[in-house]
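Following: one structure in structure tokens, then a few remarks.
The values are calculated or read from the model by the stated rules, or taken from the named source; none is laboratory data. From a predicted model like this one, the values you see are computed outputs, not experimental measurements. Cβ: placed from backbone, ideal geometry, glycine included. Neighbour counts: every protein chain shown.
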Amino acid sequence: MALSKEIFTPNELHRYSRQILLPGFGSEGQEKLKKAKALVIGAGGLGSPILLYLAAAGVGEIGILDFDVVDVSNLQRQVLFTTDDVGKLKSELAAEKIKALNPTIQTHVYNVYLSSANAIEIFSNFDLIVDGSDNLPTRYLVNDTCVILQKPLIYGAIFQFEGQVSVFNELLKTGSRGPNYRDLFPHPPPPEMVPSCSEGGVIGVLPGIIGAMMANEAIKIITGIGDSLCGRLLLFDALDFTTRFLKISVNPNKDEVKELIDYEAFCSPMHEKSVQEIEPDEVKSLIAQDQVHLIDVREPFEFDASNIGGVNIPLKSIEDHLVLISNSKSTIVLCRSGGRSRQAIIKLQSLGYTNMINLKGGLLKWRSEIDPDLNVI
């Protein structure tokens, strides 16, 4: 097939020449990339390599959904950003940087919190969804939206030294759809089993490895080359550099996805609903009146970097320091984002404590609403 000058400019032909030369790819594959519209959820550790490689490959339109700002602790792995970017919106910065890499593509920025109220409208504008999120509610929301709209989904996850990649909801030659996230995880595990990078840590190169794999799967789905990871979950271990594959089959008995739901509630175990929460402004008032006891369950190095007072008792050793915890005075338990403190309260409740209150949103929300200069790592 001859290359159409109406489809590619001379500059584009030069830019993509190494891909066009590939057997089985050619100008047809490059044309499919140019016409494709891909939405990337998250512009962080996974989103950085995904966005860079999709833009470099020539995906015509790229959506970027992320409402967070760059923090200095992101720079160890989120290679789209630099020190000068700290405090700026990730979505807008990402759009600028991938446009600088490849001015021929169009970008669509969504500086919003993804929810059941806006997911259908946003996803409808794209052919393919690439999920670089880091929490269970978003993963189930993204999956269910793709199922409803019949969109293929590239999935990836990272934790410490391990990563996962798969392709969900792909349209098969039979006309049916491949397995989706609910075939792999019908029910969400407890939140403490799936900590985020900020809670469990991650080696900096791992998001680059997994993100590149995700971009590779996206390019394969768009162009139709090779065999995708549909029906397989790739498991990667960076410590011994091994890969394993887990077969995923469609479960015909799983609940049918008909509408979007409240995913925060869906991913919260029933016993967690009894955890009382309090807003940062209320805590500030109680601190000023000396009417509350504070327990910070982050690690000591996090506490030393910044804190709002109180006693530092790391979550993993909470049961070893009960002597420091009052069972009568109102006690606010806090951490970076509210997850570890919630786990601490559940553990203390099982030991008979009834006076524990969780700081909603943790110190990240405190920084957002009370003290923008607080250095939360």
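Values as computed for the structure displayed
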quantity	calculated
Pairs with Cβ under 9 Å, 6+ apart, first in segment 218-234 and crowded, with 19+ Cβ neighbours inside 10 Å, second basic (Lys, Arg) and outside any strand (DSSP E or B)	ILE222/LYS32; ILE222/LYS35; THR223/LYS32; SER228/LYS220; LEU229/LYS220
Condition met for GLU299 (more than 22 Å from VAL69 (Cα to Cα), modelled with pLDDT under 85, among the charged types (D, E, K, R) and surrounded by 15 or more Cβ atoms within 10 Å (Cβ to Cβ))	no
Subset of segment 86-103 (residues that are at pLDDT 95 or above and either β-branched (Val, Ile, Thr) or crowded, with 18+ Cβ neighbours inside 10 Å (or both))	LYS90, SER91, LEU93, ALA94, ALA95, LYS97, ILE98, ASN102
Inter-residue pairs, beta-carbon under 6 Å, first under 26 Å from GLY63 (Cβ atoms) and in segment 17-43, second among the basic types (Lys, Arg), 6+ apart	ALA43/LYS90
Some residue of segment 44-56 being on the phi < 0 side of the Ramachandran plot, in contact with a strand residue (DSSP E or B) (Cβ under 8 Å, 6 or more places away or on another chain), crowded, with 20+ Cβ neighbours inside 10 Å and not hydrophobic (A, V, I, L, M, F, W, C)	yes
Unmet criterion (only one of (1) of a type in the set (Ser, Thr, Tyr); (2) in contact with a strand residue (DSSP E or B) (Cβ under 9 Å, 6 or more places away or on another chain); (3) under 25 Å from PRO137 (Cβ atoms)) for SER350	(2)
Tally, over segment 118-141, of residues that are at pLDDT below 95 and either surrounded by fewer than 16 Cβ atoms within 10 Å (Cβ to Cβ) or among the small types (Gly, Ala, Ser) (or both)	1
Of all residues in segment 209-265 being among the aromatic types (Phe, Trp, Tyr) and closer than 16 Å to PHE159 by Cα, the one that is modelled with the highest pLDDT	PHE236
Odd one out for SER91, checked against (1) hydroxyl-bearing (Ser, Thr, Tyr); (2) in contact with an Asp or Glu (Cβ under 7 Å, 6 or more places away or on another chain); (3) assigned to a loop (DSSP other than H, G, I, E, B)	(3)
